[in-house]
Amino acid sequence: MSVIATIGIGYLIGAVLSFIITFFLTKDPSLAMRLLSAFLIAITWPLSFPMAIIFSIFG
């Protein structure tokens, strides 16, 4: 397996895990907003997921 494929798989695993965790951390009653916020954080997870966790802990 090439290095690019390994990096891509790692990114995909991180995105899926951050999507699941973010979905359950959100408190919005709207399912569409929960899915949208989880999706947006998942696709940018290396930068936004740690911030979402920090806001969840201290918010």
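What pairs can you find where one residue is in region 1-24 and touching a residue at least 12 places away in the same chain (Cβ under 8 Å), the other is basic (Lys, Arg), and their Cβ atoms are less than 6 Å apart, with a gap of 6+ or different chains?
So the pair list comes out as 23/34.
Would you mention how many residues in region 22-58 are surrounded by 16 or more Cβ atoms within 10 Å (Cβ to Cβ) and among the aromatic types (Phe, Trp, Tyr)?
Qualifying residue count for the region: 3.
Got a sec? Which helices (runs of 4 or more DSSP H) wholly within the chain have at least 3 residues that are more than 15 Å from the chain's Cα centre (by Cα)?
In the chain, 3-25 are the helices (runs of 4 or more DSSP H) which contain 3 or more residues that are more than 15 Å from the chain's Cα centre (by Cα).
Only the coordinates and a few stated rules stand behind these numbers; no lab work does. Since we're looking at a predicted model, the values are computed, not measured. For neighbour counting, all protein chains shown are included, and Cβ atoms are generated from backbone atoms with ideal geometry for every residue, glycine included.
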